[in-house]
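Please see the structure below; I have some questions.
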């Protein structure tokens with residue numbers, strides 16, 4: 001999965017350049033809940049909500065809510081600061 005592309009698509013306003021893929025993955029793992037991380041990665045990798053329902057044993061509404069929360073977190077200023085490399 002390309003974290004840089006996924007994050008760029010979900011952030012409204014990004015100032016600066018994103019960190020490396022490995023660093024981005026670590027920040028996401030640290031800031032998202034386990035389920036938010038799993039849903040975000042799966043949806044951004046092209047997995048359907050129906051497939052996620054089977055693997056996570058959650059309903060469609062809950063999975064959509066987890067994805068929405070993950071996207072909201074990405075747009076928080078403190079979160080964005082951790083994603084951007086300071087040069």
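For helix 60-74, report the angle its Cα long axis makes with the longest principal axis of the Cα atoms of the chain; keep it between 0 and 90° and round to the nearest 10°.
Value to nearest ten degrees: 0.
Moving on to the next point. Put a dot 7 Å past each Cα toward the Cβ at residue 62 and residue 76; how far apart are the dots in nm?
Placing both labels 7 Å along Cα→Cβ, they lie 2.2 nm apart.
Any idea what the relative contact order of the chain is, in percent, if you count C-alpha pairs under 8 Å spaced at least 6 apart?
42 percent
Helix 21-31 versus the longest principal axis of the chain: what is the Cα-based angle in degrees, 0 to 90, to the nearest 10?
Tilt of helix 21-31: around 60 degrees.
Taking the 0 to 90 degree range and rounding to the nearest ten, how far is the long axis of helix 34-44 tilted relative to the main principal axis of the chain, both from C-alpha atoms?
90 degrees
Values in this text are rule-based calculations from the coordinates and carry no lab data. Given the structure is predicted, the values throughout are model-derived calculations rather than measurements. Every residue, glycine among them, receives a Cβ derived from its backbone with ideal geometry; neighbour counts consider all protein chains shown.
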